[in-house]
Amino acid sequence: MADTVLYELTDGVATITLNRPDAMNALNIATKVALRDALQQAAGDPAVRAVLLIGTGRAFCVGQDLKEHIELLAADRAGEGEGSTMSTVGLHYNPIVTAIAGMPKPVVAAVNGVAAGAGAGFAFAADYRLVADTASFNTSFAGVALTADSGVSWTLQRLIGHGRAADLLLFPRSISAQDAYDLGIANKVVPAAELAAEAAAVARQLAEGPTAAYAAIKESLAHAAGHGLTEALAKEEELQRCAGASEDHLAAVDAFVKKQKPHFTGR
């Protein structure tokens with residue numbers, strides 16, 4: 001894995017760190033490949049019970065590395081490139097967002113600084129967004145004559161509604177942490193100095209929880225977003241039958257009766 005993305009597994013939490021601080025964690029090809037592979041590794045590893053995604057330095061992730069992007073565009077136009085520059089959407093951004101939103105375990109985005117373009121999209125795709133009070137969001141796409149990618153057309157309107165999502169996409173601008181909280185983008189805003197510790201605590205709490213139930217919650221939310229009430233109720237029934245038969249549920253009920261704290265295994 002490239003050193004632009006760090007991967008650490010501790011006590012069931014896979015911490016994935018974007019590590020290009022001098023470039024504000026901009027996404028060049030090497031970083032996108034490493035991030036995609038790290039997320040897919042976490043998704044498939046049964047030892048991983050929760051994922052924490054964070055950046056180093058002043059930014060969470062400012063999106064596409066425009067310096068590399070310009071070079072690739074020039075090479076394509078000169079007939080020296082390997083194809084469409086925008087193939088990165090299918091090769092990198094889509095698999096990254098699919099891994100975040102689709103993995104059967106909770107993903108916490110600790111937004112330590114600027115989250116723009118695809119960087120904002122990755123945060124939107126997470127299940128929980130813990131945001132430093134000095135951080136900000138910017139959709140950015142229209143500012144460089146591009147449309148939404150990295151799942152933003154799907155995630156953002158589900159977080160804040162169609163009208164507000166259209167506003168932020170048509171008129172990209174910096175949104176403060178407090179504004180992000182007021183809009184419904186941020187789940188919690190904390191002092192920047194406390195972000196890393198708070199995010200680690202949240203991820204650890206999730207890792208110690210009923211992870212099979214969390215997977216079902218993610219699945220039910222994703223299903224309901226694209227289906228009507230009748231279909232959503234049927235999916236809830238299907239998932240609840242499985243959850244009700246799980247070892248975690250039986251342990252939780254037993255612990256409740258005994259006035260003890262349950263121990264969850266994810267089974």
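Criterion first (out of contact with any strand residue (DSSP E or B) (no Cβ under 9 Å at 6 or more places or on another chain), touching a residue at least 24 places away in the same chain (Cβ under 8 Å) and buried (at least 18 other Cβ atoms within 10 Å of the Cβ)) does G266 satisfy it?
In short, yes.
If a residue must be loosely packed, with under 14 Cβ neighbours inside 10 Å, aliphatic (A, V, I, L, M) and under 18 Å from P104 (Cα atoms), how many such residues does the stretch 222-244 contain?
1
Counting only residues that are part of a loop (DSSP other than H, G, I, E, B), touching a strand residue (DSSP E or B) at 6+ places or on another chain (Cβ under 7 Å) and not small (G, A, S), which one in the stretch 12-44 is surrounded by the most Cβ atoms within 10 Å (Cβ to Cβ)?
N25
Hey, can you tell me all the residues within the stretch 191-212 that are within 12 Å of D133 (Cβ to Cβ) and buried (at least 19 other Cβ atoms within 10 Å of the Cβ)?
L195
Among the numbered conditions (1) more than 19 Å from the chain's Cα centre (by Cα); (2) at pLDDT 95 or above, tell me where A59 comes up short.
The single condition A59 does not satisfy is (1).
Give me a count of the residues in the stretch 241-267 that are small (G, A, S), part of a loop (DSSP other than H, G, I, E, B) and touching a Pro at 6+ places or on another chain (Cβ under 8 Å).
Total satisfying the criteria: 2.
For the stretch 68-184, give me every one of the strands (runs of 3 or more DSSP E) that falls completely inside it and has 3 or more residues that are closer than 23 Å to H223 by Cβ, at pLDDT 95 or above and in the same structural domain as N25 (by TED's automatic domain parsing).
107-111
State whether one or more residues within the stretch 166-173 are of a type in the set (D, E), buried (at least 19 other Cβ atoms within 10 Å of the Cβ) and under 21 Å from A225 (Cβ atoms).
Residues of the stretch 166-173 that are of a type in the set (D, E), as a first pass: 167.
From what is left, the residues that are buried (at least 19 other Cβ atoms within 10 Å of the Cβ) are none.
Checking the stretch 166-173: not a single residue is of a type in the set (D, E), buried (at least 19 other Cβ atoms within 10 Å of the Cβ) and under 21 Å from A225 (Cβ atoms).
Which one is surrounded by the fewest Cβ atoms within 10 Å (Cβ to Cβ), of the residues in the stretch 55-67 that are in contact with a strand residue (DSSP E or B) (Cβ under 8 Å, 6 or more places away or on another chain) and in a loop (DSSP other than H, G, I, E, B)?
Here the answer is R58.
Any chance you could count how many residues in the stretch 194-235 are under 21 Å from A252 (Cβ atoms), without any contact (Cβ under 8 Å) to a residue 12 or more places away in the chain and of a type outside the set (A, V, I, L, M)?
Residues flagged as under 21 Å from A252 (Cβ atoms), without any contact (Cβ under 8 Å) to a residue 12 or more places away in the chain and of a type outside the set (A, V, I, L, M) within the stretch 194-235 amount to 1.
Looking at (1) over 24 Å from A34 (Cα atoms); (2) out of contact with any Pro (no Cβ under 9 Å at 6 or more places or on another chain), which is the one condition that is false for D133?
(2)
Say we look at the stretch 1-11 and pick out the residues that are buried (at least 16 other Cβ atoms within 10 Å of the Cβ) and assigned to a loop (DSSP other than H, G, I, E, B); which of these is modelled with the lowest pLDDT?
Only one residue tops the list, namely A2.
All but one of (1) under 15 Å from T88 (Cα atoms); (2) in a loop (DSSP other than H, G, I, E, B) hold for A47; which doesn't?
Every condition holds for A47 apart from (1).
Keeping to the stretch 207-228, report how many residues are outside any loop (DSSP other than H, G, I, E, B) and farther than 19 Å from W154 by Cα.
Going through the stretch 207-228 one residue at a time, the tally reaches 7.
The values are calculated or read from the model by the stated rules, or taken from the named source; none is laboratory data. All figures in this text were calculated on a predicted structure; none of them were measured in a lab. Note that each Cβ is placed from the backbone with ideal geometry, even for glycine, and that neighbours are counted across all protein chains shown.
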